[in-house]
């Protein structure tokens, strides 16, 4: 049986969930693809662990200081890298160094953090093209919600006319709390943080930057655009008050933070901001921490997907969906269905 070695860089909650799910699915990979998948290395920013024979779940709490960085991943012999580190779209780090090194060496890469993709997407695509490595990013582009899959597979051959996406679970939860409980923004945010539904620092979410990052990935990797963050008009949800919510409710409208792509004179225009929808619109029914995407195309009309699995498992599963695509591209056809 052929062996395939995997490394994970970035070992916070999502990285650990991905490692555990990968190990749980080893029998699945053997039975379906005839491949012995081994997790040979994991690392965070300062510590890691490696074993050429494959790590086991019980070892993952005993990382060793100093084992980290692109050279550590290369020394592990991994053929596939899953990058799940912190995301900084302004610098691309820390994932950018890992991805550049791996793609240059011809290692297939599955990317979960958005920062490097937003910062240096064209460079990473060129490195993958030059080396023949595969670059997959479902986990970065709204995770459990199928987005890039729709462009690449379901709508293949169609011309996309416009895209709308509810792409951030935290802001959707906050807007719903304001609408259903009559809370102001600050009160809704405190409730969400107390309930563990929002981070201590939610600015990337509430100011619209997380949605903008995902929108750029859809435009650049899904539609072949060359947009940067400077090309995106970004507005968040801070301007939404209880009074505005009440006014929208009186009109039968539901607010959502939406990322939008449209064509203006053959150029793609990207924006993030509040849109309101009548109760009859599917986007009005995307409640809580769910996400959604609506794509209009020339031949297939309107396509809508709605989803929102529990985190971090949903993001881990999205990354491993990419892993199965890599297995198939490497010639490991499913042995049974």
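No value in this document is a laboratory result; all are computed from the given coordinates. These figures come from a predicted structure and were not determined experimentally. Cβ placement follows ideal geometry from the backbone for every residue including glycine, while neighbour counts extend to all protein chains displayed.
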Cβ density ranking, 10 Å radius, fewest first, applied to 119, 58 yields 58, 119
Just to verify a number: FRET efficiency for residue 330 and residue 235, C-beta to C-beta distance, R0 = 35 Å, to 0.05?
0.25
Give the peptides 77-84, 308-315 in descending order of average Cβ contacts within 10 Å, highest first.
77-84, 308-315
Per the rule of 0.36 nm per residue minus the C-alpha distance, extending residue 194 to residue 104 adds in nm 28.0 nm
Work out the FRET efficiency for residue 21 and residue 251 from their Cβ-Cβ distance, taking R0 = 45 Å, and round it to the nearest 0.05.
0.55
Is region 196-302 rounded, prolate or oblate when judged by the Cα gyration tensor, a ≥ b ≥ c being the square roots of its eigenvalues, rounded requiring a/c under 1.5 and prolate requiring a/b larger than b/c?
oblate
Modelled label-to-label distance, residue 28 and residue 263, 7 Å Cα→beta-carbon offset: nm?
3.7 nm
For Kirkwood radius over Cα pairs in Å, which listed value, (i) 20.8; (ii) 19.4; (iii) 24.1, comes from the coordinates shown?
(i)
Starting from the Cα of residue 279, step 7 Å along the direction of its Cβ; do the same at residue 154; then give the gap between the two resulting points in nm.
2.7 nm
Stretch residue 180-residue 97 to full length: gain in nm at 0.36 nm per residue minus the Cα-Cα span?
25.5 nm
Residue 311 versus residue 244, label points 7 Å from Cα toward the beta carbon: distance in nm?
2.2 nm
Please compute the length gained on full extension between residue 226 and residue 52, using 0.36 nm multiplied by the number of residues separating them and subtracting their Cα-Cα distance.
58.7 nm
Take 129, 16 and order them by how many other Cβ atoms sit within 10 Å, fewest up front.
129, 16
What share of the DSSP beta bridges in region 148-307 is antiparallel, in percent to the nearest 5?
90 percent
Among 152, 191, which comes first, then next, by fewest other beta-carbon atoms within 10 Å?
152, 191
